[in-house]
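Q: Below is a structure I'd like to ask you about.
The values are calculated or read from the model by the stated rules, or taken from the named source; none is laboratory data. The structure presented is a predicted model; accordingly, all values stated were derived computationally and were not measured. Glycine also receives a Cβ, built like all others from the backbone with ideal geometry; neighbour counts cover every protein chain displayed.
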Amino acid sequence: EEQLEKAVKSAEATGDPAAIAEAKAVRDAAKADIDKAKADADAAVAAADTALAKATDLGKGVSDTVVKQTDDALQNADKLINDAKSSGDKAAAEAALKAAQDALAKAKAELELMKSLYGENSPQAQAAQDKVNRAEAQVAAAQALLVEQPKVGERFVVADQTYEVLTVPASGNCSATLVKANNAKTVVVPETVAYKGRTFEVNEINTKAFYKNTKKVTLGANVDTIDKQAFKGSKVKTVILKTKDLTKKGVKGSLKGSKVTTVKVKVGAKKANQKFVKKYKKIFTKKIAGKKVTVK
């Protein structure tokens, strides 16, 4: 526009009416074109803003629907998993797995939508990622239900040692008794063993649990019962205790018929050991455990 005005002034300086008229006509026509272009641009911007607003509203509506569908799927999977745990039914576990897989697919779809609408690092995307993590955990939980569960009384072998299932709760750790240790001079009874996807706390030592060859035994931190004559038939002279759970009832008759002479307490730090030496001196007596031994 500035150049057009300069052209008009130049024509006026010549004093030629025709030149002046032509310059003004060109200026006016150009201004009209510029005004029209501005109006068209403003209209285009307004139309784009309207379209964006509609798209945002549409996207929000879609995302709200997707969020609800994912939440419903997650809740359904939780319910079916809990039902399957309670019933122990294989068909129920299969239904739970299918529901969990459906929830995972919906959670992943929600995550991609939120990333596209709000950005990869947005709170919405993070919330969707949390749902993906939850759904993955549900799938794992449902798959675990399809693994054959151990049964009370069932025997199994880990590291050449035979155990028997005592308890199988719906969740948490199971418990087992050591039926027969391995045929080594030194035997360690672990705190836990794994079987059929479950963790078993070794709580009990069975009668005659050790071979003739064994001379030293360490009992893990979860042992609370040593059956009568547990060491009979073996050459065990030293028993190391890492457990704090033994009671008079739990050791009654346990040393009867054995060659055990020493019970060493190693439950933790020095003070803890001293505390439990005092406790175990009162229960590892001839009257209770079936034989007089040195507790230290």
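Q: Tell me which residues, restricted to segment 206-228, are under 14 Å from SER258 (Cα atoms), surrounded by 21 or more Cβ atoms within 10 Å (Cβ to Cβ) and of a type in the set (Val, Ile, Thr).
A: Scanning segment 206-228 gives THR214, VAL217, ILE226.
Q: Which of (1) surrounded by 16 or more Cβ atoms within 10 Å (Cβ to Cβ); (2) within 13 Å of LEU145 (Cα to Cα); (3) of a type in the set (D, E, K, R) is the odd one out, the single condition LYS98 does not satisfy?
A: (1)
Q: If you scan segment 229-263, which residues turn out to be in contact with a strand residue (DSSP E or B) (Cβ under 7 Å, 6 or more places away or on another chain), buried (at least 16 other Cβ atoms within 10 Å of the Cβ) and farther than 19 Å from SER175 by Cβ?
A: VAL236, LYS237, THR238, VAL239, ILE240, VAL260, VAL263
Q: Could you give every pair whose Cβ atoms fall below 8 Å, whose first residue belongs to segment 1-16 and is under 14 Å from ASP28 (Cα atoms) and outside any helix (DSSP H, G or I), and whose second residue is modelled with pLDDT of 75 or more and not polar (S, T, N, Q), counting only separations of at least 6 or pairs across chains?
A: Filtered contacts from segment 1-16: GLU1/ALA30; GLU1/LYS31; GLU1/ILE34.
Q: Just a yes or no: is a residue in segment 21-42 modelled with pLDDT under 85, surrounded by 10 or more Cβ atoms within 10 Å (Cβ to Cβ) and closer than 30 Å to LEU117 by Cβ?
A: Yes, segment 21-42 contains a residue that is modelled with pLDDT under 85, surrounded by 10 or more Cβ atoms within 10 Å (Cβ to Cβ) and closer than 30 Å to LEU117 by Cβ.
Q: Modelled with pLDDT under 95, under 18 Å from the mean Cα position of the chain (by Cα) and not basic (Lys, Arg): which single residue out of ALA109, ALA142, ALA92, ALA125 fits that description? Before you say what the answer is, go through the steps one by one.
A: On the way: ALA109 fails: under 18 Å from the mean Cα position of the chain (by Cα); ALA92 fails: under 18 Å from the mean Cα position of the chain (by Cα); ALA125 fails: under 18 Å from the mean Cα position of the chain (by Cα).
The unique qualifying residue is ALA142.
Q: Same structure again: Condition first: in a loop (DSSP other than H, G, I, E, B), of a type outside the set (Ser, Thr, Tyr), farther than 19 Å from THR186 by Cα and in contact with a helix residue (DSSP H, G or I) (Cβ under 6 Å, 6 or more places away or on another chain). Can you find one or more residues in segment 255-265 that meet it?
A: No, because not a single residue in segment 255-265 is in a loop (DSSP other than H, G, I, E, B), of a type outside the set (Ser, Thr, Tyr), farther than 19 Å from THR186 by Cα and in contact with a helix residue (DSSP H, G or I) (Cβ under 6 Å, 6 or more places away or on another chain).
Q: Another question about this same structure. What are the pairs, 6+ residues apart or on separate chains, where a residue within segment 57-70 that is in a helix (DSSP H, G or I) has its Cβ under 7 Å from a residue that is modelled with pLDDT under 90 and loosely packed, with under 11 Cβ neighbours inside 10 Å?
A: No pair meets every condition.
Q: What number of residues within segment 234-250 satisfy the criterion of being touching a Phe, Trp or Tyr at 6+ places or on another chain (Cβ under 8 Å), under 14 Å from ALA181 (Cβ atoms) and among the hydrophobic types (A, V, I, L, M, F, W, C)? Before the answer, list the steps.
A: First pass over segment 234-250, keeping only residues touching a Phe, Trp or Tyr at 6+ places or on another chain (Cβ under 8 Å): 234, 236, 239, 241, 244, 246.
Filter once more, keeping what is under 14 Å from ALA181 (Cβ atoms): 234, 236, 239.
Among the residues that remain, those that are also among the hydrophobic types (A, V, I, L, M, F, W, C) are: 236, 239.
The total comes to 2.
Q: To continue, here is another question. Only residues that are under 16 Å from THR261 (Cα atoms) and touching a Leu at 6+ places or on another chain (Cβ under 9 Å): list them for segment 233-243, please.
A: VAL239, ILE240, LEU241 - these are the residues of segment 233-243 that are under 16 Å from THR261 (Cα atoms) and touching a Leu at 6+ places or on another chain (Cβ under 9 Å).
Q: Shifting gears a bit: Looking only at strands (runs of 3 or more DSSP E) that lie completely in segment 102-199, which have at least 2 residues being crowded, with 20+ Cβ neighbours inside 10 Å and of a type in the set (A, V, I, L, M)?
A: Output list reads 174-180, 186-189.
Q: Whether any residue in segment 222-233 is closer than 25 Å to ASN183 by Cα and not in a loop (DSSP other than H, G, I, E, B) is what I want to check.
A: Applying the first criterion (closer than 25 Å to ASN183 by Cα) to segment 222-233 yields 222-233.
Filter once more, so that each one left must be not in a loop (DSSP other than H, G, I, E, B): 225-226.
Taking every residue of segment 222-233 in turn, at least one turns out to be closer than 25 Å to ASN183 by Cα and not in a loop (DSSP other than H, G, I, E, B).
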